[in-house]
Amino acid sequence: MATLVLQKVEKHFDSVQIIQSLDLSVEHGEFIVFVGPSGCGKSTLLRMIAGLEPVSSGEIRIDGNDVTNLPPVDRNVAMVFQNYALYPHMTVEENIGFGLRIAGIPKAQRREKVMEAARILKLEPYLTRKPKALSGGQRQRVAIGRAIVKKPKLFLFDEPLSNLDAELRFQTRLEIAKLHQDLDATMIYVTHDQVEAMTLADRIVVLRSGCIEQIGTPMDLYADPANVFVAGFVGSPKMNFFDARISAVSEDSVSVKIPTIGPGDYECRTLRSRPAVGTEVTLGIRSEHIGESSPERGFPATIGIVERLGSVSYAYVETEHGARLTIERRVQRDDHIGSVMHFRMMPEHIFAFAKTGERL
Amino acid sequence: MIFVPALMTLVLAFTAWDGVSKPVWLGLDNFRDLLNDVIFWRAIFNNVKWTLIFLTVPMAIALVVASLLLTRRRSQAVYQSIFLLPYILSPIANASIWSNMIFDQRSGVLGYFSRHLLAMHDPLGHVSTALYTVASVDIWHFWGYLAIVFFAAMRQVPSEQLEAAYLEGASGWQIFRHITLPNIVPTIALMFVIVTIFSFLTFDYVYLMTAGGPAHSTELLSTLAYGLAFRSFEVGKATAVALFMSLFGLVAAYSYVWMNRESLRQ
Amino acid sequence: MIRSYQRSQLPDRLLLGLVVLVSLAPLLLMLVNAFKQHADIVENPLSLPHSLTMTNFKAAWIGGHFTVGLLNSVLLTGTTVLVTVALGSLAAFPLARHRIRLWKLVTLYFLCSVTVPIQLFLFPLYFFYARLSLIGNVFATALIIAAVNLPLSVMLLRTYILTIPPELDDAAFIDGASPWQIFCYVIFPLMKPGCVTVAVIVALNTWNEFLITSTFQQGDAGFTMTLGYHAMAGAMSADLGIMMAGACIIIVPIIVLFLFLQRLFVDGMTSGAVKG
């Protein structure tokens, strides 16, 4: 249980700037997820918080104490690695108790603490086994056990589910969520999978090329993205984007011309600012906000491929002017490939982004 | 541990020292004496001959035998052990077996053959054959090492490449020439360098079987240096010879590093 | 694996058979003649012995001072192996884990150590040791042989450490371990197979070693088995039976060890030499 503050933290290696000047504040007991594409610096950031990488400039404060130059053991943090990082030559019990042993805690006490952690994670039957005799899920639990036995202030997770198969990933995700509830601990979690981010996080930090693109709750990021990158990164399937131009501006809405969709103007009601007429923008709309409509009210598009997933289907359509869209179809219809249907976009859900990326 | 004596040696090469009293600075005299010494040139010549022999004969045998082993899955390990046996045995024992048991005129196998079949003269005793004889014994000792190194390298050729070639109709020999050999070129190159280095350093077998004779026909730089240091106590000269030995090795090693500079960059 | 082709197996078999014969023939000769009297050998070196008497062996053992020799050889080999493995692993650890800025220099240094002849520093070292009265001291000689074997050993051990995932280092560091503790508790236990391979190679080299041993281990009491045999070879070359018996004694332990530890020998010799 602790607060974490990153102030103007930067990291460069040789002459390459990996993390731009970054500020972040985490409350007690929050579950924060760092998410972003490969190479965005999320793992590096996590390692800097852990104490495994030195900070080029800036401050890191845990519970108000400046830990920027302290080794991990003095920061009271624990980390769960992607590849578990279990000591192959030690038993489960020795693995979990290793940190306590280094700290000089006598054997009897060590045993007690290890047993407690093992009970929480249901690892008692495996205490005398070596890692190679365990399954992937069990190994991950041992790694988590090693983390919780030290009762750290911060839990750090570095893509812990990437090495598990789909079924196991789902189960372990639930276990981690439950762990967070039971321990009421502050957790920082790194992943490239936005589903994990959306399901586990209290708040998500979206990173790209070392910069924070947006911080917010999962729903904030989904329904109110700050820029085109976040809008396209969060949510599956990806948001539909097209180029457009502002044609008219009024009190509560804006009209745009979308050349690739069709003639005529489309209304957009989500703008927070009043851009000038004629501005080139990027429009975004999610697949669930486009619905079937009549020829008078909607625009035509040809069905290309339909992916049916059971409760929902996704239709990949193309307009005669070249726009490609993904449209979610909730109601079971027999959409024929090649047939032309008409669709309408909901104006309350069309986002407009400047050509530079920010939300308008 | 190695650096300090090496430095000392560098200095000593320019002096005359009998090992007991204080060294006397001679400048380049040692080197000049050596360069004027016929035996010195003989030794270099022998070393070069030795190197050429070793770069061809054992390498070729090793490559051929290694390729033969590729298709014998079950007996590979047995063959490997047999081929490696001469390599791991003590040079003294080996040299003794060959000199005394086999080549000896009176009591050895050769002597036996001489008396009952063909008269053969002692190959170790004749100026024209001595070097080749000792080289043969060392080849017998050394080739197994090359064989297993090449064998390991050949086994690492990705099987997909071999299968692709087979599908395209290549014969066994063609596959060997066009797929296997190119893939193990780095290993062959490395062995070239190692063989060169060791050829200039080689000492044991020559010393034990002929000690440089007869009439310096098997004198190598290493035996020359040894003799100078421990028999005539001209340590300064001995170290000068040693410097020459390392010179050849360094050139070989350096050219290897130079050729591989990209892959060795960390 | 590509199957053998339609061409006849015969020439292959013949060639391999020939090679095997040539490899083993001298050794068989040695074995056979170790049991014969000298006169019999002279008469026909290729004949089988009448009986398997151990007289030659006993004579060889005494003549070559093999009791002392064995002791010295074991001490020498043991010490060398210990020193090489201990120092080698300690050196290999930072080389494997840290990005050494002077990597090129380090490689060059090791390369030179390998190409440079032992003779280069043998002579000054000998006289230096003589001043310190260390000639004949098995442990002092072991240091020299260890030094000669160190560059290769460090390289081998380094490649072995590279196979240990660095996350283990990180996890231990987070657990609070100092670099020394990381080495002792995590890295070294996981290096054991690599250490064994290096130990086997160094042991082989040391046992068979001649040049350094003969230079530094002068005097009967300091002889190793190989040196003892060498001295005997000079004095007793008249009796071939004893000579062959002596050779047997020296060779047999190695062969036995080899047959058991083949895997390790081959691994050690080929790793690093094969670009995979």
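The values are calculated or read from the model by the stated rules, or taken from the named source; none is laboratory data. Not measured: the values here are computed from a predicted model. Positions of Cβ are generated from backbone atoms using ideal geometry, with glycine treated the same way; all protein chains shown enter the neighbour counts.
A few points about this structure:
- Residue within the range C:206-222 that is out of contact with any strand residue (DSSP E or B) (no Cβ under 7 Å at 6 or more places or on another chain), within 30 Å of A:GLU159 (Cα to Cα), more than 11 Å from chain A (Cβ to nearest Cβ) and among the charged types (D, E, K, R) present: no
- Long-range neighbours under 8 Å by Cβ, at least six apart or interchain, first residue within 11 Å of chain C (Cβ to nearest Cβ) within the range B:194-213, second in a helix (DSSP H, G or I) and of a type in the set (Asp, Glu): B:THR202/B:ASP138; B:TYR205/B:ASP138
- Of the criteria (1) in contact with a Gly (Cβ under 6 Å, 6 or more places away or on another chain); (2) in contact (Cβ under 8 Å) with a residue 60 or more places away in the chain, which one A:LEU164 fails: (2)
- On inspection, C:LEU143 qualifies as within 23 Å of B:LEU201 (Cα to Cα), of a type in the set (A, V, I, L, M) and out of contact with any Pro (no Cβ under 7 Å at 6 or more places or on another chain).
Rundown of residues vs (1) within 7 Å of another protein chain (Cβ to nearest Cβ); (2) modelled with pLDDT of 70 or more; (3) part of a helix (DSSP H, G or I); (4) within 24 Å of B:TYR87 (Cα to Cα), yes/no style:
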| site | (1), (2), (3), (4) |
| --- | --- |
| C:MET1 | yes, no, no, no |
| C:SER8 | no, no, no, no |
| C:LEU24 | yes, yes, yes, yes |
| C:THR53 | no, yes, no, no |
| C:ASN56 | no, yes, yes, no |
| C:ALA60 | no, yes, yes, yes |
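- Counting the residues of the range A:65-115 that are touching a strand residue (DSSP E or B) at 6+ places or on another chain (Cβ under 7 Å) and touching a residue at least 24 places away in the same chain (Cβ under 8 Å) gives 7.
- Whichever residue in the range B:214-257 is under 13 Å from B:PHE40 (Cβ atoms) and part of a loop (DSSP other than H, G, I, E, B) and, among such residues, is farthest from the other protein chains (Cβ to nearest Cβ): B:HIS216
- Of all residues making up the range C:154-177, the number that are modelled with pLDDT of 85 or more and of a type in the set (Ser, Thr, Tyr): 0
- The residue that is nearest to A:LYS151 (Cα to Cα), among those in the range C:178-197 that are crowded, with 19+ Cβ neighbours inside 10 Å and at pLDDT below 85, is C:GLY194.
- Residue within the range A:56-64 that is over 19 Å from A:ALA201 (Cα atoms) and either surrounded by 18 or more Cβ atoms within 10 Å (Cβ to Cβ) or within 14 Å of another protein chain (Cβ to nearest Cβ) (or both) present: yes
- The residues in the range C:60-86 that are crowded, with 19+ Cβ neighbours inside 10 Å and of a type in the set (A, V, I, L, M, F, W, C) can be counted, and the count is 7.
- Any strands (runs of 3 or more DSSP E) falling wholly within the range A:252-354 and containing at least 1 residues that are at pLDDT 85 or above and among the aliphatic types (A, V, I, L, M): A:280-285, A:290-292, A:299-308, A:313-318, A:324-329, A:340-345, A:351-354
- Residues of the range B:145-173 that turn out to be within 7 Å of another protein chain (Cβ to nearest Cβ), small (Gly, Ala, Ser) and crowded, with 23+ Cβ neighbours inside 10 Å, as a count: 1
- Considering residues of the range A:10-60 that are in contact with a helix residue (DSSP H, G or I) (Cβ under 7 Å, 6 or more places away or on another chain) and part of a strand (DSSP E or B) only, the residue farthest from A:THR186 (Cα to Cα): A:ILE18
- Of all residues in the range B:170-205, those being of a type in the set (Phe, Trp, Tyr), more than 17 Å from B:ILE53 (Cβ to Cβ) and touching a helix residue (DSSP H, G or I) at 6+ places or on another chain (Cβ under 8 Å) number 1.
- Just so you know, in the range A:76-120 the residues that are part of a helix (DSSP H, G or I) and among the small types (Gly, Ala, Ser) include one that is nearest to the other protein chains (Cβ to nearest Cβ), and it is A:GLY99.
- The residues listed here are C:LEU15, C:LEU28, C:LEU76; of these, the one that is modelled with pLDDT of 75 or more and away from every other protein chain (no Cβ under 12 Å) is C:LEU76.
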